[in-house]
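Engineer: The structure under discussion is supplied below as C-alpha cells; questions concerning it will follow.
The values are calculated or read from the model by the stated rules, or taken from the named source; none is laboratory data. In this text, all values refer to a predicted model and were calculated from it rather than measured experimentally. Here the Cβ positions follow ideal geometry from the backbone for every residue, glycine too, while neighbour counts run over all protein chains shown. Each accessible area value is taken on the protein alone, full model and side chains, heavy atoms only, with ligands, DNA and RNA left out. Shrake-Rupley method; radii C 1.70, N 1.55, O 1.52, S 1.80 Å.
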Amino acid sequence: PPSSQNKKKTKNTEKMVLYIIGLGLGDEKDVTVRGYELIKSADLVFLEAYTSILCIDKTKLEEYYGKSITVADRNFVECEADQIYLPAKTKKVALLIVGDPVCATTHTDIIIRAKEEGVP
C-alpha cells in the first residue's frame, strides 16, 4: 500500500452545472434514478410551472427529494431566467421540467442563454 507521504493531494474538480431534468408526467416518482440523484446533489432546485402542469403539489416533490423547490412561473421563466442559470456558475442548479425537458422552446432558450454565459 502507498504510504501517506506519497499520496497526491487531489484537487476538487467538481463542476458547477445547470441540470435540466425531466420529471415525467405523473408524480414525484416518475423521475429517472439519475435525475433523482442530481436533484439530491443540487444546491438550488427550480420547478418550471409554465409549459406544463404537474398533477401533484410542490410539497410532495420537496418531501420526496428532500429539497426546497422554487416555483418558476411564466414571468420568472421568460423574464428572470438568469436567476436560474447564472447561479450555476458557482453552484449545482437543477431545473425540473414536467415531461420532456427539451420539447418547449422556453427550455431550449434557457439552455442557449446558459451556454452563452459559460454555464456548463
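Engineer: List pairs: first residue in the stretch 98-114 and farther than 14 Å from Y50 by Cα, second residue of a type outside the set (G, A, S) and surrounded by 15 or more Cβ atoms within 10 Å (Cβ to Cβ) anywhere in the structure, Cβ distance under 7 angstrom, at least six positions apart or on different chains.
Structural biologist: From residues that are farther than 14 Å from Y50 by Cα, the pairs are I111/I20; R113/Y85; A114/L18; A114/Y85.
Engineer: Is there a residue being in contact with a Ser or Thr (Cβ under 7 Å, 6 or more places away or on another chain) and at positive phi anywhere in the stretch 73-96?
Structural biologist: no
Engineer: Name the residues in the stretch 32-78 that are free of Cβ contacts under 8 Å to residues at least 12 places away in the same chain and touching a strand residue (DSSP E or B) at 6+ places or on another chain (Cβ under 6 Å), would you?
Structural biologist: Result: no residue meets the conditions.
Engineer: With the condition kept exactly as written, say whether any residue in the stretch 32-54 is assigned to a helix (DSSP H, G or I) and either surrounded by fewer than 11 Cβ atoms within 10 Å (Cβ to Cβ) or at pLDDT below 90 (or both).
Structural biologist: Yes, some residue in the stretch 32-54 is assigned to a helix (DSSP H, G or I) and either surrounded by fewer than 11 Cβ atoms within 10 Å (Cβ to Cβ) or at pLDDT below 90 (or both).
Engineer: In addition: I need the full set of residues from the stretch 79-94 which are of a type in the set (D, E, K, R), open to solvent by 30 Å² or more (accessible area, probe 1.4 Å) and either free of Cβ contacts under 8 Å to residues at least 24 places away in the same chain or in a loop (DSSP other than H, G, I, E, B) (or both), in order please.
Structural biologist: E80, K91
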